[in-house]
Amino acid sequence: MLQNIAQILLWISVIAWSLWFGGLMYEMVVILPLWNSALPESVIEWNSRPQFIINPTRFYLPVALTCVLVSLGAFVTAWKIGKNWFWHFISAVCAIGTLGFTLAFFFSKNEVLFRNQHGELNGEEITAIANAWITGNWIRVVIMAIGFFSALSALSAEARRVKNDASSSFDVA
């Protein structure tokens, strides 16, 4: 029973990581060039019309929380079973670390960059915040890549284990 729960949690973890990491890659390739193309003007113009404001938290919050909780659950069940827990551990640590880093580092910068809360900031200050955001985002990409590929490694290890178990059940002594 616990083995089945572990497998389900692992699959959900890989799917959640795919959505979270895939969303970040889309953001890096499509969205980021739009608002950092001509700093600081591009940030000032970004989301300048309230009816078109993009709120990435609506996507990322449920995906990130799912990833953190399921990765943690997958680690706990793998630990209890005693099989392939190392990759689950790395995945869970990266999920928790990414969410913590996002909350601590990005949220205040997002208010300036994405919600036009730059108020009295001058162009140099807006540019500095944008450049710090971009640097921090590359750090987040690395952490998430490690977490995502750790979840994939756990899935691969589990597939090998299942295959070995199936082939050994057909061996005749």
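The values are calculated or read from the model by the stated rules, or taken from the named source; none is laboratory data. Keep in mind it's a predicted model, so treat the numbers as computed, not measured. Here the Cβ positions follow ideal geometry from the backbone for every residue, glycine too, while neighbour counts run over all protein chains shown.
Listed here are the residues, each with its yes/no results for (1) surrounded by 15 or more Cβ atoms within 10 Å (Cβ to Cβ); (2) in contact with a strand residue (DSSP E or B) (Cβ under 7 Å, 6 or more places away or on another chain); (3) aliphatic (A, V, I, L, M); (4) closer than 17 Å to Leu39 by Cβ.
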residue	(1), (2), (3), (4)
Leu113	yes, no, yes, yes
Asn122	no, no, no, yes
Trp133	yes, no, no, yes
Ile139	no, no, yes, no
Val142	no, no, yes, no
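Taking residues in segment 95-114 that are at negative phi, and partners anywhere that are loosely packed, with under 15 Cβ neighbours inside 10 Å and modelled with pLDDT of 95 or more, the pairs with Cβ atoms closer than 9 Å and at least 6 places apart or on different chains are Leu99/Leu65; Phe101/Ile139; Phe105/Ala132; Phe105/Ile139; Lys109/Ala132.
From the list Ser48, Ser42, Ser18, Ser91, pick out the single residue that is part of a helix (DSSP H, G or I), in contact (Cβ under 8 Å) with a residue 40 or more places away in the chain and either touching a helix residue (DSSP H, G or I) at 6+ places or on another chain (Cβ under 6 Å) or exposed (fewer than 13 other Cβ atoms within 10 Å of the Cβ) (or both). Of Ser48, Ser42, Ser18, Ser91, the one residue that is part of a helix (DSSP H, G or I), in contact (Cβ under 8 Å) with a residue 40 or more places away in the chain and either touching a helix residue (DSSP H, G or I) at 6+ places or on another chain (Cβ under 6 Å) or exposed (fewer than 13 other Cβ atoms within 10 Å of the Cβ) (or both) is Ser91. Suppose the filter is within 21 Å of the chain's Cα centre (by Cα) and of a type outside the set (Gly, Ala, Ser); does Trp85 pass it? Yes: the conditions hold for Trp85. When you scan segment 117-128, do you find a residue that is more than 18 Å from Asn47 (Cβ to Cβ), among the β-branched types (Val, Ile, Thr) and in a helix (DSSP H, G or I), even just one? No, because not a single residue in segment 117-128 is more than 18 Å from Asn47 (Cβ to Cβ), among the β-branched types (Val, Ile, Thr) and in a helix (DSSP H, G or I).
Given the condition among the aromatic types (Phe, Trp, Tyr) and in a helix (DSSP H, G or I), answer yes or no: does some residue in segment 29-37 qualify? Within segment 29-37 (the criterion being among the aromatic types (Phe, Trp, Tyr) and in a helix (DSSP H, G or I)), the answer is yes, since at least one residue qualifies. Quick one: would you say Trp133 is in a helix (DSSP H, G or I), aromatic (Phe, Trp, Tyr) and without any contact (Cβ under 8 Å) to a residue 12 or more places away in the chain? When the stated conditions are applied, Trp133 does not pass them. Looking at Leu9, is it surrounded by 17 or more Cβ atoms within 10 Å (Cβ to Cβ), under 21 Å from Gly100 (Cα atoms) and modelled with pLDDT of 95 or more? Criteria not met by Leu9. Of the residues Ala38, Ala64, Ala104, Ala95, the single one that is at pLDDT 90 or above, within 15 Å of Phe149 (Cα to Cα) and out of contact with any His (no Cβ under 8 Å at 6 or more places or on another chain) is Ala95.
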